[in-house]
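Remarks on the structure that follows.
The values are calculated or read from the model by the stated rules, or taken from the named source; none is laboratory data. Owing to the predicted nature of the structure, the values given are computational and were not obtained by experimental measurement. Cβ sites come from the backbone with ideal geometry, for glycine too, and all protein chains shown count toward neighbours.
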Amino acid sequence: MAWNWNTFDWDNTTHRFVALCYLADMIMWLYRLAMRFQLLPKSEPYPLIRKKFATTILRGIVLALHIGSGLTEIALGFAAFFTGNATLAKIIAAAAILLHVPTSMFMTPHVYGARRLMRPAYMIIMFFHAYSAVNLWLNPTSTEWLVSTISVLHTYIWVRIFYFIFARTQTLPSGTYTLSVLVAGYVTLPYFPRNVAKYSTDLLCTTFLMLYMTVEYLVYKHIFKYTGKKLASTEIDIDVADHELVVKHQIRRGDNHDVITIETITVK
């Protein structure tokens, strides 16, 4: 398995974007390590990985599989790019198809942001990730599909980068997370192979978002008869320090009835 640095082409905009993605990876993890060990001024310690989906054992397992498969894709993706090793490429594709995409689907209903917009946005990312991974499995020596799989996966890192910037600059504070996801998506999707898409992927994705939002709104309003705040899809956000408010429901059996205790806890 020979390592060939010449695989990287500086004149190729897609290759440059992948390099930028890995640079963003390093910046994000260095920042988290610095915060974890209080190496930055006014920083406070918190776990390297947030537990937003780990409020139950099942969610914790899903989160672990999601993170593990994502890290596998990132680490092996770097090696596969410079070695052209087909086995590594197939492992990456399998990790995406069997683990990362299914776990993403499991967590999508619980995403932050304006869910009427965020859920279809994440559906789009999952579709392109799965489509790229399937083609990578079928063409394990294709640098193009390898780069596409890695690029779409890195939407997650750009969400964090943009969230940090928008939160620090107080840009649209009422919808910071939603804005971050949308911008991140429009940054990564253009690196999907253009020779595959017969039409503008940006236009198709935007059309899907608008249709989903409209249909959900009409269903909630006219079928479920939602009104007021229940009908509105407002921002479910987190703050810059990655704190979140989790409402934990604990059901205890009483003598003749159920007692529901609602406990509010802060998870980092």
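Of the residues making up the range 221-252, those that are modelled with pLDDT of 90 or more and either in contact with a Ser or Thr (Cβ under 9 Å, 6 or more places away or on another chain) or polar (S, T, N, Q) (or both) number 3. If the condition is being more than 17 Å from the chain's Cα centre (by Cα), at pLDDT below 80 and hydrophobic (A, V, I, L, M, F, W, C), then the range 36-81 contributes 37, 39, 40. Scanning the range 105-128 for any residue that is over 14 Å from the mean Cα position of the chain (by Cα), farther than 19 Å from residue 17 by Cα and free of Cβ contacts under 8 Å to residues at least 12 places away in the same chain turns up nothing. Residues that are within 30 Å of residue 137 (Cβ to Cβ), free of Cβ contacts under 8 Å to residues at least 60 places away in the same chain, aliphatic (A, V, I, L, M) and crowded, with 16+ Cβ neighbours inside 10 Å are absent from the range 170-180.
Please go through the range 111-132 and pick out each residue that is part of a loop (DSSP other than H, G, I, E, B) and among the β-branched types (Val, Ile, Thr). Across the range 111-132, the qualifying residue is only 111. Scanning the range 107-127 for residues that are closer than 21 Å to residue 68 by Cβ and modelled with pLDDT of 95 or more yields 122, 125, 126. Within the range 152-164, identify whether any single residue is touching an Asp or Glu at 6+ places or on another chain (Cβ under 9 Å), under 21 Å from residue 73 (Cβ atoms) and part of a helix (DSSP H, G or I), and answer yes or no. Checking the range 152-164: at least one residue is touching an Asp or Glu at 6+ places or on another chain (Cβ under 9 Å), under 21 Å from residue 73 (Cβ atoms) and part of a helix (DSSP H, G or I).
Looking at this structure, is residue 62 crowded, with 16+ Cβ neighbours inside 10 Å and more than 29 Å from residue 16 (Cβ to Cβ)? Yes: the conditions hold for residue 62. When you look at residue 174, is it touching a Phe, Trp or Tyr at 6+ places or on another chain (Cβ under 9 Å) and either outside any helix (DSSP H, G or I) or polar (S, T, N, Q) (or both), yes or no? So residue 174 does not fit the description; no. Looking only at residues of the range 136-159 that are in contact (Cβ under 8 Å) with a residue 12 or more places away in the chain and farther than 21 Å from residue 16 by Cβ, we find that the one that is surrounded by the most Cβ atoms within 10 Å (Cβ to Cβ) is 140.
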